[in-house]
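J.: Here you go, one structure.
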């Protein structure tokens with residue numbers, strides 16, 4: 001291998017048909033890129049540029065070393081790469097099983113399979129350590145907080161969000177800087193990162209002595225969110241779906257009549273004439289400006305659903321085709337989604353498409369006072385509903401063509417540019433408090449004024465349990481403002497006692513999420529959501545009073561609790577942004593020296609002073625709680641104090657979620 005030190009503190013290695021480039025990317029961070037192309041491509045995707053730092057590069061006979069602060073990168077003259085702390089501890093090391101370790105040629109660490117002159121399918125292998133734990137990676141409802149042993153599909157799908165940042169218990173963070181479809185194998189025998197189509201391997205390693213330190217440095221690389229304004233921290237009322245303006249205003253008026261504070265109410269999908277028209281259907285929403293004003297007078301903001309789908313009957317379809325503003329197929333019929341129409345999607349990777357859509361939104365929503373948007377279908381979702389081939393996987397990414405490349409190469413970045421279209425549009429209009437709801441995310445999405453929700457999930461206790469773990473992991477990837485459909489989306493029956501219990505427990509969990517949002521597709525359902533008239537495309541009731549008097553009284557009290565918590569949440573949100581750590585976070589972020597907390601997956605810190613232990617089992621009226629060592633804890637429901645560093649069992653009747661204050665200050 002030929003080692004070369006170049007300007008700007010980069011180490012370049014050439015040999016055997018490969019180029020490697022390692023450079024600093026902020027403090028205690030090294031960025032690695034390699035390819036079999038002629039040169040490294042300068043493509044940062046969504047990473048933020050970093051201020052220059054001094055690095056040390058030493059080139060010897062058998063290896064080259066690049067040091068950035070406390071992190072050392074080492075390339076041997078046989079091509080092996082590893083990363084060490086300044087004290088010499090190995091953090092991460094490539095896995096080669098061949099002559100380098102006196103073995104037959106079984107495995108190479110860096111593998112390239114040519115797809116074209118510029119594109120490769122790549123695999124990158126690292127050694128596995130038995131005691132290593134992995135966290136982050138986005139949102140995977142697989143029932144694991146510690147992802148060691150999991151295989152994760154790197155692809156955006158409804159309920160699955162790929163944000164490929166990995167936090168290791170060995171003292172490093174890892175960013176897979178590649179929007180290609182792929183996978184991450186976090187196995188016991190190796191760690192493998194794979195991309196189906198890419199021009200180069202591209203990743204970053206971040207060193208930190210604690211999880212909080214790693215997260216702080218990571219957030220400087222991908223960007224921090226803006227704080228959510230206080231008016232958005234109360235209850236968001238939503239269901240699939242309010243049919244018309246009269247019904248929506250009636251719900252808001254009922255909340256007002258009952259004296260229940262309401263922050264946001266939502267107009268869901270198919271309030272438009274056709275997908276891609278992006279305007280109110282005047283038959284059902286005759287006076288949007290008057291509606292917004294009436295809601296504002298009640299202290300309620302309006303959130304309106306937006307879908308990126310464009311059906312062939314839309315008034316905008318032909319123009320968008322002519323201007324190349326739509327996602328296309330590489331071959332075959334140019335349609336990729338068929339829910340209630342033959343559709344494709346807006347190509348938000350195209351700046352012209354982003355501007356075109358915003359101008360339509362400005363004309364048909366913003367000018368009426370609508371300033372919050374629900375950015376649904378953000379993966380984008382693919383599928384052929386209505387054709388009844390339910391056993392066929394519709395995700396053929398290789399047949400998608402975006403303005404920036406083939407779907408295999410770039411699909412995972414789509415939600416970032418979707419959010420950017422609305423963020424840029426609102427900022428251009430002078431808006432500073434931007435709060436949009438979105439169903440998917442990518443590295444850096446948090447800096448675009450979004451709240452992420454977890455998608456169309458089941459209404460079960462199992463699903464609730466999985467959401468806790470999924471929410472904690474996605475929070476570690478920079479998505480600080482996260483929420484769920486309280487009660488789940490599919491399958492909830494307002495008259496079923498079991499579902500009513502689930503709703504209470506989920507509602508309690510929702511109070512202690514960054515955003516507090518009630519939503520769902522409640523029974524009964526229309527016969528066929530794909531073909532029924534739009535006025536019938538609605539589920540059962542989903543307001544606080546829809547579940548009987550006992551449930552109503554409990555939920556009502558928790559709405560008022562959330563109101564009392566607003567001051568604390570505002571304060572903690574500011575601290576989260578300043579410190580670069582999420583509001584809702586696993587216990588090990590605050591208590592890394594307590595070995596027990598690394599295995600606690602169903603409790604979390606909500607800010608620095610509140611520990612939450614949601615009830616996640618049907619019929620449970622007690623639960624075991626671990627209280628981290630190093631402080632004492634006060635139980636909110638009883639004011640009883642406990643020493644940290646112990647497991648306790650506490651009572652949890654239906655109207656109680658176990659919550660503990662750090663120390664003896666009762667915060668709310």
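J.: Out of 563, 665, 578, I need the residue that is under 30 Å from the mean Cα position of the chain (by Cα) and over 15 Å from residue 512 (Cβ atoms). Which one? I'd like the intermediate steps shown before the answer.
T.: Working: 563 fails: over 15 Å from residue 512 (Cβ atoms); 665 fails: under 30 Å from the mean Cα position of the chain (by Cα).
So the residue among 563, 665, 578 that is under 30 Å from the mean Cα position of the chain (by Cα) and over 15 Å from residue 512 (Cβ atoms) is 578.
J.: Moving on. Are any of the residues in the range 543-563 modelled with pLDDT of 95 or more, surrounded by 19 or more Cβ atoms within 10 Å (Cβ to Cβ), closer than 17 Å to residue 457 by Cα and touching a strand residue (DSSP E or B) at 6+ places or on another chain (Cβ under 7 Å)?
T.: No, because not a single residue in the range 543-563 is modelled with pLDDT of 95 or more, surrounded by 19 or more Cβ atoms within 10 Å (Cβ to Cβ), closer than 17 Å to residue 457 by Cα and touching a strand residue (DSSP E or B) at 6+ places or on another chain (Cβ under 7 Å).
J.: Return yes when residue 277 is assigned by TED's automatic domain parsing to the domain that holds residue 27 and out of contact with any helix residue (DSSP H, G or I) (no Cβ under 6 Å at 6 or more places or on another chain) and no when it is not. Can you show your working first?
T.: Details: assigned by TED's automatic domain parsing to the domain that holds residue 27: no; out of contact with any helix residue (DSSP H, G or I) (no Cβ under 6 Å at 6 or more places or on another chain): yes.
No, not satisfied.
J.: If you take the residues in the range 317-327 that are crowded, with 19+ Cβ neighbours inside 10 Å and in contact (Cβ under 8 Å) with a residue 40 or more places away in the chain, which one is farthest from residue 392 (Cα to Cα)?
T.: Of the residues in the range 317-327, the ones crowded, with 19+ Cβ neighbours inside 10 Å are 317, 320, 325-327.
Now restrict to residues that are in contact (Cβ under 8 Å) with a residue 40 or more places away in the chain: 317, 320, 327.
Working: 317: 28, 320: 29, 327: 21 Å.
Among those residues, the one meeting the criterion is 320.
To keep it simple, each residue is scored yes or no on (1) over 28 Å from residue 451 (Cβ atoms); (2) outside any strand (DSSP E or B).
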| position | (1), (2) |
| --- | --- |
| 552 | no, yes |
| 557 | no, yes |
| 573 | no, yes |
| 578 | no, yes |
| 596 | yes, yes |
| 649 | yes, no |
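J.: Right, something else. When you look at residue 345, is it part of a loop (DSSP other than H, G, I, E, B) and surrounded by 20 or more Cβ atoms within 10 Å (Cβ to Cβ), yes or no?
T.: On the way: part of a loop (DSSP other than H, G, I, E, B): no; surrounded by 20 or more Cβ atoms within 10 Å (Cβ to Cβ): yes.
So residue 345 does not fit the description; no.
J.: Checking the structure you have, find out if any residue of the range 151-158 is more than 15 Å from residue 183 (Cβ to Cβ) and surrounded by fewer than 20 Cβ atoms within 10 Å (Cβ to Cβ). Quick ask: steps written out before the conclusion?
T.: Residues of the range 151-158 that are more than 15 Å from residue 183 (Cβ to Cβ), as a first pass: 158.
Narrowing further to those that are surrounded by fewer than 20 Cβ atoms within 10 Å (Cβ to Cβ): none.
Among the residues of the range 151-158, not one is more than 15 Å from residue 183 (Cβ to Cβ) and surrounded by fewer than 20 Cβ atoms within 10 Å (Cβ to Cβ), which makes the answer no.
J.: I'm trying to understand the selection: among the residues of the range 250-302, which are outside any helix (DSSP H, G or I), free of Cβ contacts under 8 Å to residues at least 40 places away in the same chain and more than 31 Å from the chain's Cα centre (by Cα)?
T.: Across the range 250-302, the qualifying residues are 259, 282, 283.
J.: All but one of (1) surrounded by 18 or more Cβ atoms within 10 Å (Cβ to Cβ); (2) not in a loop (DSSP other than H, G, I, E, B) hold for residue 642; state the number of the condition that does not hold.
T.: If we test residue 642 against (1) surrounded by 18 or more Cβ atoms within 10 Å (Cβ to Cβ); (2) not in a loop (DSSP other than H, G, I, E, B), just (1) comes out false.
J.: Right, something else. Report yes if some residue within the range 112-123 is modelled with pLDDT under 95 and surrounded by 15 or more Cβ atoms within 10 Å (Cβ to Cβ); otherwise report no.
T.: In the first step, residues of the range 112-123 are kept if they are modelled with pLDDT under 95; the result is 116-118.
Still in the running and surrounded by 15 or more Cβ atoms within 10 Å (Cβ to Cβ): 118.
Looking through the range 112-123, at least one residue is modelled with pLDDT under 95 and surrounded by 15 or more Cβ atoms within 10 Å (Cβ to Cβ).
J.: Just to be sure, is residue 187 surrounded by fewer than 20 Cβ atoms within 10 Å (Cβ to Cβ), over 20 Å from the mean Cα position of the chain (by Cα) and not assigned by TED's automatic domain parsing to the domain that holds residue 540? Step through it out loud before you land on a result.
T.: Values: surrounded by fewer than 20 Cβ atoms within 10 Å (Cβ to Cβ): yes; over 20 Å from the mean Cα position of the chain (by Cα): yes; not assigned by TED's automatic domain parsing to the domain that holds residue 540: yes.
Considered against the rule, which asks whether it is surrounded by fewer than 20 Cβ atoms within 10 Å (Cβ to Cβ), over 20 Å from the mean Cα position of the chain (by Cα) and not assigned by TED's automatic domain parsing to the domain that holds residue 540, residue 187 comes out as yes.
J.: Output yes when any residue across the range 209-216 is touching a helix residue (DSSP H, G or I) at 6+ places or on another chain (Cβ under 6 Å), within 22 Å of residue 370 (Cβ to Cβ) and either crowded, with 17+ Cβ neighbours inside 10 Å or not assigned by TED's automatic domain parsing to the domain that holds residue 71 (or both), and no when none is.
T.: no
J.: Still on this structure: Residues 490, 547, 525: which one is within 23 Å of residue 258 (Cβ to Cβ) and without any contact (Cβ under 8 Å) to a residue 60 or more places away in the chain?
T.: On the way: 490 fails: within 23 Å of residue 258 (Cβ to Cβ); 525 fails: within 23 Å of residue 258 (Cβ to Cβ).
Exactly one residue qualifies, and that residue is 547.
The values are calculated or read from the model by the stated rules, or taken from the named source; none is laboratory data. Not measured: the values here are computed from a predicted model. Cβ sites come from the backbone with ideal geometry, for glycine too, and all protein chains shown count toward neighbours.
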